[in-house]
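The values are calculated or read from the model by the stated rules, or taken from the named source; none is laboratory data. Keep in mind it's a predicted model, so treat the numbers as computed, not measured. For neighbour counting, all protein chains shown are included, and Cβ atoms are generated from backbone atoms with ideal geometry for every residue, glycine included.
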């Protein structure tokens, strides 16, 4: 929230926003940073709580500026964070809950501490949190308590095949916060007109995937229905740690695809990673529904939802020609 009261983002989707904004105004006016808790024992018609019945702790701190001279979050730290974010680096922000100390750790190990020196135990925890992707409160054997916030790069979706489904899926994934790339050497299909605002790569899929260096925040989907394009792409994708690898096609197509990959030397363990027919089995028929099923499956896998782990039509053990 800025000094004019304009708000960006949300905390709970509406349950506690008014109270959080009221506290934020107090902190910006000079009150010390604070942790506000919601849920738990709150009862009554006018209590501020969570409709879901859970518990939420909100840390409120003001950025030090001419308008908030008593703010405790250093403005130079915010500048450093913004600069690193534009480079796509994962960041861990460590904040003492009394506002006394702050630090930012970039994924490659760079540490910025505008306040007094940060305890080595906190730096170690920040390093661990960047690796695991888990934010949260920290209560080491030192005081005060700390909170580690993560600012991770957007997850990536690499789509092989500039087909109709890809048009819908690319737009859907972009709206979901993914950094989308379309890979297809067929330049008549991979055009800015068909994919406005989306990165287009016209190299052969295996070369493009190798250059993209997929990581554990990357999903890869092949949609060409052409084994000359899909198979090399899948073989390249399986070399890396992408969290999701899916391929379009019927169960018969998937069985044939797995056999070709097997004959090419791909291990059975690696074949288990290829989700095909791609997408959750929701009975999708048209292009838009298929794109929804694919995006839903990607989200389920990324978030570790039980739905993604259950045996479904994509499981190699269930595939029949």
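Taken together, the residues in segment 108-151 that are part of a strand (DSSP E or B) and surrounded by 14 or more Cβ atoms within 10 Å (Cβ to Cβ) amount to 9.
Evaluating residue 304 against the criteria (1) farther than 30 Å from residue 133 by Cα; (2) out of contact with any strand residue (DSSP E or B) (no Cβ under 6 Å at 6 or more places or on another chain) leaves one unmet condition, (1).
Only one of the numbered conditions (1) more than 18 Å from residue 224 (Cα to Cα); (2) without any contact (Cβ under 8 Å) to a residue 12 or more places away in the chain is violated by residue 264, and that is (2). Counting only residues that are in contact with a strand residue (DSSP E or B) (Cβ under 9 Å, 6 or more places away or on another chain), farther than 25 Å from residue 88 by Cα and not assigned by TED's automatic domain parsing to the domain that holds residue 89, segment 143-164 holds 2 of them. For segment 71-89, the set of residues classified as at pLDDT 90 or above and either farther than 26 Å from residue 107 by Cβ or in a loop (DSSP other than H, G, I, E, B) (or both) consists of 71, 72, 74, listed by residue number.
Residues that are out of contact with any strand residue (DSSP E or B) (no Cβ under 8 Å at 6 or more places or on another chain), touching a residue at least 40 places away in the same chain (Cβ under 8 Å) and either buried (at least 18 other Cβ atoms within 10 Å of the Cβ) or more than 27 Å from residue 202 (Cβ to Cβ) (or both): does segment 235-254 have at least one? Yes; the residues of segment 235-254 include at least one that is out of contact with any strand residue (DSSP E or B) (no Cβ under 8 Å at 6 or more places or on another chain), touching a residue at least 40 places away in the same chain (Cβ under 8 Å) and either buried (at least 18 other Cβ atoms within 10 Å of the Cβ) or more than 27 Å from residue 202 (Cβ to Cβ) (or both). Filtering segment 173-185 to residues that are surrounded by 14 or more Cβ atoms within 10 Å (Cβ to Cβ) and assigned to a loop (DSSP other than H, G, I, E, B) leaves 176, 178, 184, 185.
The condition of being in contact (Cβ under 8 Å) with a residue 60 or more places away in the chain, crowded, with 18+ Cβ neighbours inside 10 Å and more than 26 Å from the chain's Cα centre (by Cα) holds for only one of 189, 229, 223, that being 229.
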